Amino acid sequence: MNLSLRTRALLALATSAVVPPLVILGVRRLGLESGTALVVAILVMLPLIAWLAALWLAPLLRLTRALEGAVLSYRDGDFSLNLAPDGPRELRELTRLHADMGQALREQRQHLAQRELLLDTVVQNTPVALVLTAPSERIAIANLAARQLLGDGRSLVGLDFAAVIAGQPETLREALQGDGDRLFTVTLPDGSEETFHHSTRSFRLQGQPHRLRLLRRMTRELSRAEVASWKRVIRVLSHELNNSLAPISSLAHSGAELARRGNTERLPQVLASIGERAAHLHSFLSGYAAFAKLPAPRRESVDWAAFLARLGTLGEFNLDGEVPVEPGWFDAAQIEQALLNLIKNAHESG
């Protein structure tokens, strides 16, 4: 019979309160003295009280041992242990709540495992080479793209990052050793050239500083951008050539007609117009040729405030936002000319 803890306690207290007077009364009827009767009552009650306490505490002790085993199992990451709903009503409710908690933990663990598997699949199969290094500069995570690029397909986890990149091409090694984002071109061991974009970020993982490095292949993207740029250039050149050659063709036809008729008075004007259109076309093509033959940029540290002040003397513009505090790193003359052309085009277009 599964009595509640309260009922068990009341029965034990009632027994402890009723039995001693009965024992003393029985002993006195036997003609023994009161002191002897008290001793006999004590000798009878001690085993009885011990038995009642053991009977009352037995389900609690069983549950305590079961909970201890469950807690140790949970500490080891095993959430499959459930407690049998046995004993008093209060303890059965506790075991039911324990079972619900175990079920919730198992579902959460399964959900986290699925998310971790999905994240690992995405990381491993992304075309971006990903390398995560620990504070000791040991590689903690390297996906398939990073293994193919830096380790010929071998696993890189646990290796020293500096030792891994020591045998790589110089440009690739310099980019991976740097702390900033950059775009660079490297010649791979198979002789092909690839353009990469390197980005790096630092963050804390489990209280420890880690560094994440990403290498994205940009060759295809740059090739598509280059093709699109050439298409735009060809359209502009075709438009300008048509605008110049159509009047030249018309003027040449008019000049030939005037010469056939013997009307030579207007020929100088026609030839002057042809020369003017030809000069305009030559100036336009020369501008494109000069742009295509730009010298290699000479990058240097440039103070933004002074650079913008000098640009303001050449063209009128409005500055939106604050001037960067950190100096720029570019060819001041080339960037100034490019910005000046943009400013002039903006003013001309209204």
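First select every other residue whose beta carbon is under 12 angstrom from the beta carbon of residue 315; then total the charges, Lys and Arg +1, Asp and Glu -1.
After counting each charged neighbour, the total is -1.
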Net charge near residue 77 (other residues with Cβ under 12 Å of its Cβ; Lys, Arg +1; Asp, Glu -1) is +1
Averaging 1/r across every pair of distinct alpha carbons in segment 220-293 and inverting yields a Kirkwood hydrodynamic radius, in angstrom, of 14.5 Å
Quick numbers on segment 126-217, Rg and Dmax over C-alpha atoms in Å, give 12.5, 43
Share (percent) of C-alpha pair distances in segment 157-199 greater than 13 Å works out to 57 percent
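How much net charge surrounds residue 169 when only the other residues with a Cβ under 13 Å from the Cβ of residue 169 are counted, with Lys and Arg +1 and Asp and Glu -1? Write down the numbers at each step before the final one.
Numbers: positive: 173; negative: 170, 174, 190, 193, 194.
Residues near residue 169 contribute -4 overall.
Coordinate-derived values only; no laboratory data. This structure is a prediction, so every number in the text was calculated from the model and none was measured. Note: ideal-geometry Cβ built from the backbone for every residue, glycine included; neighbour counts use all protein chains shown.
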